[in-house]
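The block underneath contains the structure these notes are about, expressed in structure tokens.
Please treat every number below as a calculation from the coordinates, not as lab data. All values reported here derive from a predicted model rather than from experimental measurement. Reconstructed Cβ throughout: ideal geometry from the backbone, glycine too, with neighbour counts over all protein chains shown.
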């Protein structure tokens, strides 16, 4: 090891262990968030997957909006996609606070969908630990540490190529854990550097507002207002006949590309000065910027359009796009999902390695028990908490008041119980928690069969993934932690 | 018996250097770029956003590499002050 590596060993080992308490759950949640719409679909079994037509969906959504929001100043229509096969409508006075409803994509009938945060819970947990601004500061700080840990890891394990081809599963346990940590870390290093760097870039706006103060007197979002064109006008007070939204959708597709429209926003739908704004999806481009076009709601003429962007804003949003992976299709999403979980596994292996070494040197005193409890709770406890969240989604009564909040309570209750269990059982908790997590994941399949309300191709994909991951967790618990209690 | 051993005090100083030094240096660099670069405001804003992790990671590693914990804190703050002064003069 070179001198730099030696100087950074303490930071890498101690810092890595402490920060992994948050980094592992953040990586697990981020990996799940890649499939946010699919998880949301699984958690709303009232929504069925079906073949749909976006044009028909626009017609059906408009018909329902005319019923429930005829007097509203704003309508919003989310068109169905293969990943979210339902129509979403919203109506009200403020575009940021609309009353919402979900419609069946083929019939347009309102669906009584259970209250849940769905897959978005994992996005919030990943990005801000459900704490909004303070959470962004915390996640930003651990992200910066993660980057430093990756750099220091490269300096410590400077024989990168040799490490990459070294795995000695039958060597002594400590050596095997080191090999796993090195091999997975080296294999996923480019992904980990990219995902962590872009993650910190996204959060920097929250914790480093220096440019906002220097350029915009501290006004947040002023930078967005400068690069995002808005096409608005006041209501005239005279009645106007809105052209059918299906016609606006067809016109928007001619402007922005066939099959690319994701949302319509309608301002003053019953007024002569009404406007229909259509947003393009970002699924086929690296940069997460949504081109948009606005039409006169009555005549259908183009009122404004934005397809050109400030090049630096485009580059910045490319970093956002790289992180949130809306581009690249399902193959890339699976690659991110697997790489994210491997990143969590790399940190978990580092934690196990550190704790084993420390236990051998300092024994199993109170501080060691605490460190082990937090380490175990962050890895297998985090997995159990995610599974508790999924199980609560199906076991809580559908009509329960505040049920979305109770699902979150279930997540944290299971996590706290995992911490208590780890404190009580010590090293044996690794195996017990991995085995329990594997069992709960495998049993997702029968849980869905009994509570899912019939076959659905998207939910079956979720079930199959859960069974495979459950099998993997059982294997890890049995093979990696089997018979090493208190060693 | 002192409240903190020398090792622990040094560790605290290094953590403070990483957090405070990184934040001060990043703020100063952004301030300089915002004052100095002759581009549209939005262009500068989106450029700085993409650079944000670099000063933090640089100072964090520096704080644990440099033998003297006092210098670990002193140098980033000194650099931040000098860069901010440049920005103010620009």
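With respect to chain B, whose longest principal axis is taken over its alpha-carbon atoms, helix B:6-16 is tilted by about 10°. Which log10 I(q)/I(0) values, to two decimals, does the range A:100-229 give at q = 0.10, 0.15, 0.16, 0.20 Å⁻¹ under the Debye formula with one point per Cα? So the normalised log intensities work out to -0.60, -0.91, -0.95, -1.13. Residue order for B:34, B:26, fewest other beta carbons within 10 angstrom first, comes to B:34, B:26. The Rg/Rh ratio for the range A:388-451, using Cα coordinates for both the radius of gyration and the Kirkwood hydrodynamic radius, is 1.04. By other beta-carbon atoms within 10 Å, ranking A:156, B:66, A:87 with the fewest at the front produces B:66, A:156, A:87. Each residue, residue A:404 and residue A:464, gets one label point 7 Å from its Cα in the Cβ direction; the gap between the two is 3.1 nm. Over every Cα atom in the range A:20-131, the radius of gyration and the widest Cα-Cα span, Dmax, amount to 16.0, 52 Å. For the protein assembly as shown, the mean residue ellipticity at 222 nm estimated from helices alone is -20000 deg cm²/dmol, where every DSSP H run of n ≥ 4 contributes -39500 (n - 2.57) and the total is divided by all residues, rounded to the nearest 500.
For the range A:319-385, the spread of Cα positions along the three principal axes, ordered from largest to smallest, is 49, 22, 19 Å. Between the Cα long axis of helix A:311-324 and the first principal axis of chain A there is an angle of about 60°, rounded to the nearest 10.
May I ask for the equivalent-ellipsoid semi-axes of the range A:370-487, computed as the square root of five times each C-alpha gyration tensor eigenvalue and listed largest first in whole Å? Mind dumping the intermediate values first?
Numbers: eigenvalues 150, 69, 13 Å².
Those come to 27, 19, 8 Å.
For chain A, what's the relative contact order in percent, using C-alpha pairs closer than 8 Å and at least 6 residues apart? Before the final figure, lay out the partial values.
Numbers: 772 pairs, mean separation 86.0, N = 487.
Result for chain A is 18 percent.
Using r as the Cβ-Cβ distance of residue A:238 and residue A:395, and R0 as 60 Å, what FRET efficiency do you calculate, to the nearest 0.05? After rounding to 0.05, the efficiency reads 0.65.
Compute the distance from the alpha-carbon center of the range B:15-49 to that of the range A:224-299, in whole Å. Rounded to whole Å, the Cα centres lie 36 Å apart. Spin-label model, residue A:250/residue B:51: points 7 Å from Cα along the beta carbon direction are separated by 5.1 nm. Using the alpha-carbon positions of the range A:76-147, Rg (one decimal) and Dmax (whole number) come out as 16.7, 51 Å.
At R0 = 22 Å, how high is the FRET efficiency between residue B:81 and residue A:213 if r is their beta carbon distance? Nearest 0.05 is fine. Result of the calculation: an efficiency of 0.80. Across peptide B:28-39, the mean count of Cβ atoms from other chains lying within 10 Å of each residue's own Cβ comes to 3. To the nearest ten degrees, helix A:16-33 and the longest principal axis of the Cα atoms of chain A are 40 degrees apart.
Could you give the alpha-carbon Rg of chain B over 2.2 N^0.38 Å, rounded to two decimals? Intermediate results must be reported in sequence, preceding the final value.
Numbers: Rg = 15.5 Å, N = 90, 2.2 N^0.38 = 12.2 Å.
Taking N as the residue count of chain B, the ratio is 1.28.
Calculate I(q)/I(0) for the range A:65-116 by the Debye formula, one identical point scatterer on each C-alpha and no solvent, and give its log10 at q = 0.18, 0.22 Å⁻¹ to two decimals. With one equal scatterer per Cα and no solvent, log10 I(q)/I(0) is -0.58, -0.84.
Stokes-Einstein at 4 °C, 1.567 mPa s, Kirkwood radius from Cα pairs: D for the range A:281-357 in µm² s⁻¹? Translational diffusion coefficient: 82 µm²/s.
Sequence-distant contacts, meaning Cα pairs under 8 Å at least 6 residues apart, place the relative contact order of the range B:6-90 at 51 percent.
What order do you get for B:39-47, A:213-221, A:343-351, A:109-117 when each peptide is scored by the mean count of other beta carbon atoms within 10 Å, highest first?
Working: B:39-47: 19.8, A:213-221: 14.1, A:343-351: 25.3, A:109-117: 16.7.
Listed from highest to lowest mean packing, they are A:343-351, B:39-47, A:109-117, A:213-221.
Comparing chain A with the 2.2 N^0.38 Å rule of thumb, its C-alpha radius of gyration ratio is 1.09 (two decimals). Here A:31, A:55 are placed in order of increasing Cβ neighbour count within 10 Å, fewest first, which gives A:55, A:31.
Consider all pairwise Cα distances in the range A:13-67 and report the whole-number % of them above 16 Å. Result for the distance tail: 68 percent.
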